[in-house]
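Undergrad: For reference, the structure I am asking about is given below.
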Amino acid sequence: LRCRLYSASYCRPQQVAMLTRCANISRNATCYPVAESVLQDAALQPYVHNCQITVHEGRRTYHYCIFFKQHCRLRANAMLDKFQGDVVI
């Protein structure tokens, strides 16, 4: 799964590959993203929050799933002012 990582450790976003986990081995199995594979600071904040955002631009509609960690002791994210820690879109 390709995604964009807005890391608190870097000053530019990066294109990264997120691991997925499938419910079973069949071709029609439902797969789930494993956000922990790209987010840092698992020891400080093990919980990953997620939300879905819909953007309407003209006649097009885009749906995004956002994964992030939020904790007062995480490093401030220089690219996204409201977040402490990494954000994956």
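Undergrad: Taking the condition modelled with pLDDT under 85 and open to solvent by 50 Å² or more (accessible area, probe 1.4 Å), does K82 pass?
TA: So K82 passes the test.
Undergrad: Go through region 20-40 residue by residue and tally those that are at pLDDT 80 or above and either in a strand (DSSP E or B) or over 26 Å from F68 (Cβ atoms) (or both).
TA: The number of residues fulfilling the criteria is 6.
Undergrad: Which residue pairs have Cβ atoms closer than 9 Å, lie 6 or more positions apart in sequence or on different chains, and pair a first residue in region 1-28 that is among the charged types (D, E, K, R) with a second residue that is open to solvent by 60 Å² or more (accessible area, probe 1.4 Å) and at pLDDT below 90?
TA: Sorted first by the residue in region 1-28, then by its partner, the pairs are R21/C31; R21/Y32.
Undergrad: Take the residues of region 41-70 that are modelled with pLDDT under 90 and over 15 Å from the mean Cα position of the chain (by Cα): which is least open to solvent (accessible area, probe 1.4 Å)?
TA: L44
Undergrad: Among the residues of region 36-46, are any β-branched (V, I, T) and out of contact with any Cys (no Cβ under 8 Å at 6 or more places or on another chain)?
TA: no
Undergrad: Same structure, new question: So, A35, is that one within 15 Å of the chain's Cα centre (by Cα) and either open to solvent by 50 Å² or more (accessible area, probe 1.4 Å) or not hydroxyl-bearing (S, T, Y) (or both) or not? Before the answer, list the steps.
TA: Working: within 15 Å of the chain's Cα centre (by Cα): yes; either open to solvent by 50 Å² or more (accessible area, probe 1.4 Å) or not hydroxyl-bearing (S, T, Y) (or both): yes.
Considered against the rule, which asks whether it is within 15 Å of the chain's Cα centre (by Cα) and either open to solvent by 50 Å² or more (accessible area, probe 1.4 Å) or not hydroxyl-bearing (S, T, Y) (or both), A35 comes out as yes.
The values are calculated or read from the model by the stated rules, or taken from the named source; none is laboratory data. Computed from a prediction, not measured in an experiment: that's the story for all the values here. FYI the Cβ positions are ideal-geometry reconstructions off the backbone, even for glycines, and counts take in every protein chain you see. Note: areas computed on protein heavy atoms with side chains; ligands, DNA, RNA excluded. Shrake-Rupley method; radii C 1.70, N 1.55, O 1.52, S 1.80 Å.
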